[in-house]
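Below is one structure, written out as structure tokens; comments come after it.
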Amino acid sequence: MQQSLKSTQHISWIPQLMGWVAAIIKFVERTAGPIVDLVIRLWLARIFFVSAVIKLSNWDNALLLSQNEYPVSWLNPISAAYLGVSIELIGAVLLAIGLATRFAALSLFILSLIIQFNYIALDQHLFWAALFGWFVVRGAGPLSIDAMLGHGLTDSALPLAAQIIKSLKCLSKFGSPFYLFLLRLWLAAAIYFAFQGQVHYADILPITTAANFGSYLGLILALMLVTGIALRWVGLVTIIATPAMMMLNMNLDNYWIFALLLLAIYGAGCWSMDYLISHKLRKIYPQLDGKPAFSLEGLPHVVIVGAGFGGLACAAKLAKQAVQITLVDRHNYHLFQPLLYQVATAALGQGDIASPTRGMFRDFFNVRVLLGNVIGVDSDKNELIFEDHPLKNQRIQYDYLVLATGASHSYFGRDDWAKFAPGLKRIEDATEVRRRLLLAFELAEATSDPMERESLLTFLIVGGGPTGVELAGAIAELARFGMEKEFRGFDPANARVLLVQSGSRLLPAFDENLSKITLNSLTKIGVEVHLNSKVEHIDAEGVMVSGKRIPSRTVLWAAGVMASPAADWLNAEKDKSGRVKVGADLSVIRHSKIFAIGDTALSNGWNGEPVPGLAPAAKQGGEYVAKVIMAKVLGKHVPAPFRYTHLGSLATIGRKAAVADFGFMKLSGAPAWWLWGFIHLTFLVGLRNRFSVMFDWFWAYLTLRSGTRIITGSEAEHS
């Protein structure tokens, strides 16, 4: 069995390389393809639009040209002039905006051929026809009105609309590879005859401009065009090398660049060596087509509970191995917790910091994602126990179990404070905090009682760690800048923001000098910091801090966390924060096939000190556990004990200040703020989220406005 696993485990580098290449090609086609199509359309449209405008501005000359320079035997000159200008003007506009693109391209295609054969033969006329032919076959692409209207027209009541659109899609699907094949042969023939010095076919081949390839390298390119081998890369290399060619007086015509770009992005088509090689490799390695690379029957089953940083890192590492994986979480998304405070303070929307878990593993056939709430572990039977909904009466067996269940708020024995002072660990928490913040301003506008208004506009945060500091800074800036001139009964900038810390300094895990900088930065933006202050009582009307009553209707908790009940599930040893004590390989004591990572685990893997509850620590733990599991599966030596590599600590204070502690280097102010933003964007899951957050930050930074100040939910939902 073990030998079988070893042979199954050995996955050749070829499919991995092919997978990366396929991913790059797909990315280029989806991103660069629409842009290139749009650029070519606009380029061609500009040429014909300008021609039409010039003719209309001097119509007599246009008629003269129609009669003498390029007469059309089957049309009288006046009709030909009107028809030609109409096609140029209307066709150019339609082509540019991508409306009825195929019709416009077909008209301009015919016009280009008439110009070529009835007026003067030039290479550019041939390329016009070749590029217009591409749009007749392929269509305008995603960046067009045709694409926007396509879905709606398919389901509309317009007669034959669905059938026409379906036919056009078939033309694109089956006609595009054939057209690319013809384009390859056409370009190759032009290069060959240019090399031979023959001009007999100059009226149908772009031989003049092909002279730029008049060398043996050009013949090699022609051969590759004919056989259709490595054309994507040849096209890209040729285009990248264009500046060097220009320096050597080898001017590559723009139209050749466009033609090679089409081949580089869309490939050589079905009749090519590229296609045959790819087809053969996909037969040998079925995973390239998303099919199972091996049978899952009899393979070890790894169950990962929790889709946080640690759980995802472990699952991603194991997904490429010969094991079955089940990833379980009570939510169907991965949440980027470090930016929860920005959702809470209306800087970002929920969707900006959360990504659906299933989408991350859609390409891994051996990964199953389950929505469910685990409430226990039967370690004797190697089974997970679930809450009744949605996995009613179900249990899942495991061979290896990874607990990455995270942590929740800790009120240090005063859980009755929770309803008055919400913490910040879930999206629901962030939306509740945002509701309370924004509602406080609305109620302050509505009341006429000065004392009540003062209480409503007093925001108190408990805890001076990174979350507390970031919350305090964000609330202060929301009040000072984000709501300017929006209220009539008061000035939001007069709101009080208090940060209460029981210790002698803020950010105790940071360098002491950075703690002082943080204190000064918060004070500058109007935050009142209370150090060495103990919270003694919290209720609906306010907080008792070191014997002093502070009226505040909005109290937020950022003071402590408690690990999930994973230790109780296993009846395992734990610390006062509920973290499971684990061994050097992150396995739970007395449970060699059960591992705990992230906030769930108490590991001394940081040079003998407890590993901090940070995202990088969870990711490192998840990747390490994946290595340990595979070593056990394959009967190999277990890796050396887990060692956490500290990558640094960061906290932002406002819109242009932050602190960063990397041990060997400490930063503050604007440089730390830029670094903080870059690192957080990098850690976000999903390209859409990164662009969305970057745009929101940029917009808010320039305008001092936030676009997500909406109040949702109700007090009853959170009571």
Which members of segment 183-214 meet the condition of being within 15 Å of residue 260 (Cα to Cα), assigned to a helix (DSSP H, G or I) and at pLDDT 90 or above? 183, 184, 185, 186, 187, 188, 189, 190, 191
Among residues of segment 518-559, those that are touching a residue at least 60 places away in the same chain (Cβ under 8 Å), in contact with a helix residue (DSSP H, G or I) (Cβ under 7 Å, 6 or more places away or on another chain), β-branched (Val, Ile, Thr) and not in a loop (DSSP other than H, G, I, E, B), counted: 4
In contact with a Phe, Trp or Tyr (Cβ under 9 Å, 6 or more places away or on another chain), buried (at least 18 other Cβ atoms within 10 Å of the Cβ) and at positive phi: is that true of residue 366 in this structure? no
Quick one: is residue 326 outside any strand (DSSP E or B) and under 29 Å from residue 589 (Cβ atoms)? no
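Just to be sure, is residue 489 under 29 Å from residue 507 (Cβ atoms) and at pLDDT below 95?
No: the conditions fail for residue 489.
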Any residue at all in segment 310-317 that is surrounded by fewer than 20 Cβ atoms within 10 Å (Cβ to Cβ) and at pLDDT 85 or above? yes
Some residue of segment 284-295 being at pLDDT 75 or above and either surrounded by 20 or more Cβ atoms within 10 Å (Cβ to Cβ) or within 30 Å of residue 395 (Cα to Cα) (or both): no
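If we scan segment 407-422, do we find a residue that is in contact with a Cys (Cβ under 6 Å, 6 or more places away or on another chain) and surrounded by 20 or more Cβ atoms within 10 Å (Cβ to Cβ)?
First, pick out the residues of segment 407-422 that are in contact with a Cys (Cβ under 6 Å, 6 or more places away or on another chain): none.
No, segment 407-422 contains no residue that is in contact with a Cys (Cβ under 6 Å, 6 or more places away or on another chain) and surrounded by 20 or more Cβ atoms within 10 Å (Cβ to Cβ).
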Return the total of residues in segment 318-376 being aromatic (Phe, Trp, Tyr), more than 19 Å from residue 408 (Cα to Cα) and out of contact with any strand residue (DSSP E or B) (no Cβ under 7 Å at 6 or more places or on another chain). 2
Go through the residues of segment 142-157 one by one and say whether even a single one is within 12 Å of residue 259 (Cα to Cα) and either surrounded by fewer than 15 Cβ atoms within 10 Å (Cβ to Cβ) or touching a helix residue (DSSP H, G or I) at 6+ places or on another chain (Cβ under 8 Å) (or both). no
I need a count of the residues in segment 654-673 that are over 27 Å from the mean Cα position of the chain (by Cα) and in a strand (DSSP E or B). 4
Which is among the hydrophobic types (A, V, I, L, M, F, W, C) and modelled with pLDDT of 90 or more, of 217, 180? 180
Would you point out the residue of segment 329-377, among those that are among the β-branched types (Val, Ile, Thr) and not in a strand (DSSP E or B), that is farthest from residue 467 (Cα to Cα)? 357
Taking segment 622-653 on its own, how many of its residues are under 30 Å from residue 526 (Cβ atoms) and either in a loop (DSSP other than H, G, I, E, B) or touching a His at 6+ places or on another chain (Cβ under 7 Å) (or both)? 2
Does at least one position in segment 409-426 carry a residue that is in a strand (DSSP E or B) and over 29 Å from the mean Cα position of the chain (by Cα)? yes
Mind checking whether some residue in segment 668-679 is at pLDDT 85 or above and farther than 29 Å from residue 475 by Cα? no
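The values are calculated or read from the model by the stated rules, or taken from the named source; none is laboratory data. The structure displayed is predicted, hence computed values, not measured ones. In this analysis, Cβ positions are derived from the backbone assuming ideal geometry, glycine residues included, and neighbour counts consider all displayed protein chains.
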